[in-house]
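A short worksheet on the structure shown next.
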Amino acid sequence: MPHGAGDRAFREIDTAAHVDHPQHARVIGPADNGDGTLSLLTTLVEGDAPHAADYDDRTPRGLASPAGEPAFDDPHADLGAVGAPTDRNAEPVVAGRSPALA
């Protein structure tokens, strides 16, 4: 989705995987490095709600917990596949041109 106008515009791509554990969303922002390369700045967004629901908790975190509980309780999930914190935000650099500004 574009933000800004003209040569000050930037783009972002939002993805989400909220059915399976871990429930992550990712924001991908393409950036022209000015040297013929393009960076894909990726930021992982993870909810802060506990995986076990407390049905008496009416706070925003408490209300979000029941949504994550079924994903976390998947008996076939590989909970070790989450990766390290250093795997989550990345900046792949690719040869290419700047994102379209129109």
Discussion item. Of the conditions (1) at pLDDT 85 or above; (2) of a type in the set (A, V, I, L, M, F, W, C); (3) in a helix (DSSP H, G or I), residue 94 satisfies every one except a single condition; which number is it?
Written reply: (3)
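For every residue, the table says whether it meets (1) touching a strand residue (DSSP E or B) at 6+ places or on another chain (Cβ under 6 Å); (2) modelled with pLDDT under 85; (3) assigned to a loop (DSSP other than H, G, I, E, B).
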| residue | (1), (2), (3) |
| --- | --- |
| 38 | yes, no, no |
| 48 | no, yes, yes |
| 58 | no, no, yes |
| 65 | no, yes, no |
Response to the item:
residue 10 passes all but one of the listed conditions (1) modelled with pLDDT under 75; (2) within 16 Å of the chain's Cα centre (by Cα); (3) of a type in the set (A, V, I, L, M, F, W, C); the exception is number (2)
Practice prompt. Give just the number: which of (1) farther than 30 Å from residue 36 by Cα; (2) without any contact (Cβ under 8 Å) to a residue 12 or more places away in the chain; (3) not β-branched (Val, Ile, Thr) does residue 85 not satisfy?
Written response: (1)
Discussion item. Just to be sure before I move on: is residue 42 hydroxyl-bearing (Ser, Thr, Tyr) and modelled with pLDDT of 85 or more in the structure I sent?
Written reply: yes
Discussion item. If I ask for residues that are among the β-branched types (Val, Ile, Thr) and exposed (fewer than 10 other Cβ atoms within 10 Å of the Cβ), which ones from the range 70-93 would you list?
Written reply: 86
Fill in: Single unsatisfied condition, residue 62 versus (1) closer than 19 Å to residue 15 by Cβ; (2) out of contact with any helix residue (DSSP H, G or I) (no Cβ under 9 Å at 6 or more places or on another chain); (3) surrounded by 12 or more Cβ atoms within 10 Å (Cβ to Cβ)
(1)
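When the residues of the range 81-91 are narrowed to those that are at pLDDT 75 or above and either assigned to a helix (DSSP H, G or I) or not small (Gly, Ala, Ser) (or both), which ends up farthest from residue 30 (Cα to Cα)?
The qualifying residue farthest from residue 30 (Cα to Cα) is 85.
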Response to the item:
For the range 25-59, the count of residues that are surrounded by 11 or more Cβ atoms within 10 Å (Cβ to Cβ), farther than 27 Å from residue 13 by Cα and among the acidic types (Asp, Glu) equals 2
Discussion item. Cβ contacts < 7 Å: first residue farther than 18 Å from residue 24 by Cα, restricted to the range 53-70; second residue surrounded by 14 or more Cβ atoms within 10 Å (Cβ to Cβ) and modelled with pLDDT of 85 or more, any location; separation 6+ or different chain. Result?
Written reply: 54/62
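The values are calculated or read from the model by the stated rules, or taken from the named source; none is laboratory data. Note that the structure is predicted; figures quoted are calculated from it, not measured. A quick note on method: Cβ atoms are made from the backbone with ideal geometry, for glycine too, and the neighbour counts reach across all protein chains shown.
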